[in-house]
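Notes follow the structure.
The values are calculated or read from the model by the stated rules, or taken from the named source; none is laboratory data. Everything numeric in this text was worked out from a predicted model, so none of it was measured. Glycine also receives a Cβ, built like all others from the backbone with ideal geometry; neighbour counts cover every protein chain displayed. The protein model used for the area step is the full one, side chains on, heavy atoms only, and it has no ligands, DNA or RNA in it. Shrake-Rupley method; radii C 1.70, N 1.55, O 1.52, S 1.80 Å.
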Amino acid sequence: EPTIRRATSEDADALARGAVEGVADYVAFAPSGWAPPDLLAELAHTRVVLEDPAFHCFVAELDG
């Protein structure tokens, strides 16, 4: 059974990497000039939104 919990700042790296890796192949069909987000920029953004109480993000974990 997965455990579902609210994401914390400790999850920022994994979430940012998942976002960047999740759209990496979009280059094949995206409009000309589109590029996937930069990992460091995505990490900075993820850290900011995880600190915002109005932002909701949940993580599902298997075995911790």
Checklist entry - Which ones in segment 7-35 are part of a loop (DSSP other than H, G, I, E, B) and either touching a Leu at 6+ places or on another chain (Cβ under 6 Å) or open to solvent by less than 70 Å² (accessible area, probe 1.4 Å) (or both)? => result ALA7, THR8, VAL23, ALA30, ALA35
Item to check | Output for segment 36-64, where each listed residue is assigned to a loop (DSSP other than H, G, I, E, B) and surrounded by fewer than 10 Cβ atoms within 10 Å (Cβ to Cβ) | outcome: ASP52, PRO53, ALA54, HIS56, LEU62, ASP63, GLY64
